[in-house]
Amino acid sequence: MTIQYPKVRLLIGASWRDAPGLPVINPADESEIGTVPKATAQDLDDALEAARHGLQIWKQTAPARRAEIILRATELLRERVDAYAPVIALEQGKTLAQARAEVLRSCDLMAWDANEAKRIYGRVIPAEPGMRHTVIREPLGVIAAFTPWNFPMSSPARKVGGALASGCSIILKPAEETPAGAVLLATALLDAGLPHGVLNLVYGDPAQISAHLIASPIVRGITFTGSTPVGKHLAEIAARYMKPAIMELGGHAPVVICDDVDPWETALACIKGKLNNAGQVCVAPTRYFVHRSIYTQFVDAIGQHGRDVRVGDPFAADSDIGPLTSRRRLDAITALVDDAVAKGARLVCGGKRADGPGFRFPLTVLADVPDNARALVEEPFGPVCLVMPVDSLDEAIAKANATPYGLAGYAFTRSAANAYRLGQEMEVGNLAINHFVSAVSETPFGGIKESGYGREGGVEGLECYTTVKSISHLML
């Protein structure tokens, strides 16, 4: 398949700008496929001014008209999915089918936001005669958004959709490793009629860009998806300038497997839940706490299913997962697996770099993982399943909650009583029971503890891009 990788440029106001930069690497064969530009301080100042001007236009645009433009962009994305999906697979390494699903998910996310924006209601508070108290929600203002490399289009779409639907303008800094997805998203929005300056794209040195944008008085809000250490750093800067932030940070998702489920079918579901993006997902199931009465059967089953997972070329029809996105991820996962095995974990399948070009790593299952293994503390962020036995639901919940993270969690049980307890006691922002979909467009998504704060998606997500104004009016 011949793929034309798009030219990646900065989008500032009405212009696409070229600039020197760094190579973009295809993780399937380690070849250079493009260049990502590096914004200068002047580029950033120009983007800030463009966003300030765009905000004045966009916040005065009727919500129905904003929705019309965003929905038209989703129509264009659907029409272009067969052209856009290969670009995402090429730069990120996920399979073509998963890349196609990502484009379509981007459409769903933005379409829900666009329609819900027409229902960002205020309220009237009862008062004495001649007095009226009203509460309205207004756009927060210019948003600085930072997105990761694992979802080149849908992560930007989630932030862009919420901000634009709420009437904000946005300066988006996507990941330099996978820059083209945001370019394709922005192209669709501009083609749909988005006014110039409402959406701006910048790339370059992450620390320089974040410090410059967050410190600017033009920026009124921050949204970030990425690692907890980087999120803490950005939150500190935002706090310094008293700016609200949405922090969607790392996870280390537990899976509680009770004694009343079929171990074979549950293991198959667990493997399928791990395939998305080769496990490079903040909500990927990772720590499996299995009741001892079905533990042996579960380990045998997940190992057998895991050995059937095929890692290969993202464009090959028989590939279940593609390569990891970078050598850095390959080295990090290899080190975590080696550490766990050295400390006594049992290697059930996988465990070392797969044959072939690129950053290929097979689906890996480790059983009997000891508590001192680094992988139980550090999020592997890859195709690694850590399986441990537990003797009770109490023990499973305690171990599930033992990390500082609290983004997504999963559980499998046929018991309503167990499900109730899990819903009450698992310390996560999103819990899925008997399946692995942690959030959909209409539900809020985000974490607790060191997995962040604020929400994306749902009514709650849109509210994060608005500010509340109370108006008290005495009639004269």
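Read-outs throughout are calculated quantities, based only on the coordinates presented, and are distinct from any laboratory measurement. A quick note: this is a predicted structure, and the numbers were derived from the prediction, not measured. Neighbour counts run over all protein chains shown; Cβ positions are idealised from the backbone, glycine included.
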- Query: Of the GluC sites (Glu not before Pro) in region 413-466, which ones lie in a loop per DSSP and count no more than 13 other C-beta atoms within 10 Å?
  - Reply: none
- Selected from Cys282, Cys258, Leu366, residue furthest toward positive end of dipole (region 253-441; charges at beta carbon): Cys282
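I'd like the antiparallel share, as a percent to the nearest 5, of DSSP beta bridges with both residues in the chain. Numbers along the way, then the final one.
On the way: 29 of 68 bridges.
So the antiparallel bridges in the chain amount to around 45 percent.
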- Query: Taking the simple approach of a point 7 Å from Cα along Cα-to-Cβ for both Ala354 and Ala211, what is their distance in nm?
  - Reply: 4.1 nm
- Virtual spin-label span in nm between Arg119 and Asp300, 7 Å along Cα→Cβ: 5.0 nm
- Note on the structure: Under the 7 Å Cα-to-Cβ spin-label approximation, Val135 and Val341 lie apart by a distance in nanometres of 5.7 nm
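I'd like the FRET efficiency for Lys272 and Leu476, computed as 1/(1 + (r/R0)^6) with the beta carbon distance as r and R0 of 56 Å, rounded to 0.05.
Working: r = 66 Å, r/R0 = 1.19.
Once the sixth-power term is evaluated, E becomes 0.25.
Tell me, what is the FRET efficiency for Trp264 and Tyr5 to the nearest 0.05, using R0 = 51 angstrom and their Cβ-Cβ distance as r? Intermediate values should be presented prior to the final figure.
Numbers: r = 42 Å, r/R0 = 0.83.
For Trp264 and Tyr5, the calculated efficiency is 0.75.
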- Message: Compute the helix-to-body angle for 63-79: its Cα long axis versus the longest principal axis of the chain, expressed 0 to 90° and rounded to tens.
- Response: 40 degrees
- Note on the structure: Here the tail fraction of P(r) beyond 41 Å, over all Cα-Cα pairs of the chain, rounds in percent to 20 percent
- Message: Place a point 7 Å from the Cα of Ser293 along the Cα-to-Cβ direction; which residues of region 372-394 have their backbone N under 16 Å from it?
- Response: 389-394
